[in-house]
Amino acid sequence: MQNRFYGMQRKFSNRVFVIEDDLIFGKIIQRKLEQADDSLDVRVFKSGEDFFNNIHLNPEIVSIDYNLPDMNGLEILKKIRQYDEDISTVILSGQEKVEVVVEAYTNGASQYIIKNENALVELSNVVKHLSSHVNLKKEVEELRQTVADRAKYSNVVGESAGIMKVLRLIQKVEKSNILVLVTGESGTGKEVIANTIHYNSPRKKKPFVAVNVAAIPADLIESELFGHEKGAFTGATGRRIGKFEEANGGTIFLDEIGEMDINLQTKLLRVLQESAITRLGSNREIKLDVRVLAATNKNLNERVRAGLFREDLYYRLQGFLIHLPPLGARGNDIVILAKHFLNNFIKSNKMAEKHFTKDALQELLNHSWPGNVRELKAMVERAVLISDTNEITSDDLIFSDII
């Protein structure tokens, strides 16, 4: 169900340039790479000069024979880096000296492959891996260009492909009244997405009412959502306006809807179908104009099969799905979010500026983040207080994994 809206990674045609003075071997490389991935545009050049005369064609990946008649692989690496640091480079060489290998990596080589009986297989695997990274970069850029105004979504922090897809979906749905279900693990920021949809909709000047369904006792939730009249039950000393009426003209966000009591699900389904509520203790139906957004960290399909969630409500909630990826799958968004939380915490507490060291940032990237964005925020704020200097090092990071 999710892939209807969330999509799969696109496959682009990437340009791979092979610099090889042995043209027969060059053609063998070309055939091997094209067989491994038919989307690659592979071209062979017999010398460094021949390659640089065509570098304006903007290759994404370059395979370089180390020993060429006019220049060696290191010279080519340096010139490529000066031209465009984003070009991925692979050295294919019979040279096994450690200092040469180290210098190649120092000058930006993505991989150094020794020419032997396994070289072609290794080269094919490396190019396939690099091409996947190039595809991801292209996809992010394409998605970024389709988001008309990134400033509108400034509270959604991140630049990963997953987050750009989410923004693209928000852009598609924000002007309509369709019911949106936001899914994702706990702590991924589902309420932030709901907030973003509301404040970029025609209802933005009307109320946004968030209700955590799981946090309200089962015997109180009906009154909380739909309100009650005086005397409706013991303790009802006056009329109470429910959350749906509070949100009239605006948006109601039902968080953790998968936890809703199954008996109340029937009444919610009727509200969604009729756009009307009836307060407890009343027979009068009240028509409302409310947009409904919902979120869950549960697999509703599994809960339906377990008899914990109504099938008819499940299908009613499938209006438009937006899935938030876990933080561990968002790559460099971890660093972007960490710096965002750091700056916000320092500013709100009027503290001196601090920054993460490289080793601290690497620790953040290496962590799995089972608690997602919520865990990262708490960890960053804790690290700010632990640090005694203007630097936050890996020693200041205390992870709170549940064992």
Considering only helices (runs of 4 or more DSSP H) wholly within the stretch 38-150, the ones with at least 3 residues that are surrounded by fewer than 16 Cβ atoms within 10 Å (Cβ to Cβ) are 73-83, 98-106, 119-146
Condition check: within 22 Å of Phe25 (Cβ to Cβ) and touching a Ser or Thr at 6+ places or on another chain (Cβ under 8 Å). Does Ser93 satisfy that?
no
Filtered residues of the stretch 174-211 (kept if farther than 16 Å from Gly250 by Cβ and either part of a loop (DSSP other than H, G, I, E, B) or out of contact with any helix residue (DSSP H, G or I) (no Cβ under 6 Å at 6 or more places or on another chain) (or both))
Leu181, Thr183, Gly184, Glu185, Ser186, Gly187, Thr188, Gly189, Lys190, Val192, Ile193
From the list Ser88, Ser93, Ser131, pick out the single residue that is within 32 Å of the chain's Cα centre (by Cα), at pLDDT below 90, in the same structural domain as Asp22 (by TED's automatic domain parsing) and of a type outside the set (A, V, I, L, M).
Ser131
Subset of the stretch 335-360 [within 22 Å of the chain's Cα centre (by Cα) and of a type in the set (A, V, I, L, M)]:
Val335, Ile336, Leu337, Ala338, Leu342, Ala360
Quick check: anything in the stretch 232-240 within 26 Å of Asn372 (Cβ to Cβ) and out of contact with any Cys (no Cβ under 7 Å at 6 or more places or on another chain)?
no
Suppose the filter is in a helix (DSSP H, G or I), outside the structural domain of Arg303 (by TED's automatic domain parsing) and crowded, with 16+ Cβ neighbours inside 10 Å; does Lys377 pass it?
yes
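Conditions tested, residue by residue: (1) surrounded by 14 or more Cβ atoms within 10 Å (Cβ to Cβ); (2) closer than 16 Å to Leu268 by Cβ; (3) touching a strand residue (DSSP E or B) at 6+ places or on another chain (Cβ under 8 Å).
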{"residue": "Lys205", "(1), (2), (3)": "no, no, no"}
{"residue": "Ile216", "(1), (2), (3)": "yes, yes, no"}
{"residue": "Ser223", "(1), (2), (3)": "yes, yes, yes"}
{"residue": "Phe226", "(1), (2), (3)": "yes, yes, yes"}
{"residue": "Lys230", "(1), (2), (3)": "no, no, no"}
{"residue": "Phe233", "(1), (2), (3)": "no, no, yes"}
{"residue": "Thr237", "(1), (2), (3)": "no, no, no"}
{"residue": "Gly242", "(1), (2), (3)": "yes, yes, yes"}
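The values are calculated or read from the model by the stated rules, or taken from the named source; none is laboratory data. These figures come from a predicted structure and were not determined experimentally. Reconstructed Cβ throughout: ideal geometry from the backbone, glycine too, with neighbour counts over all protein chains shown.
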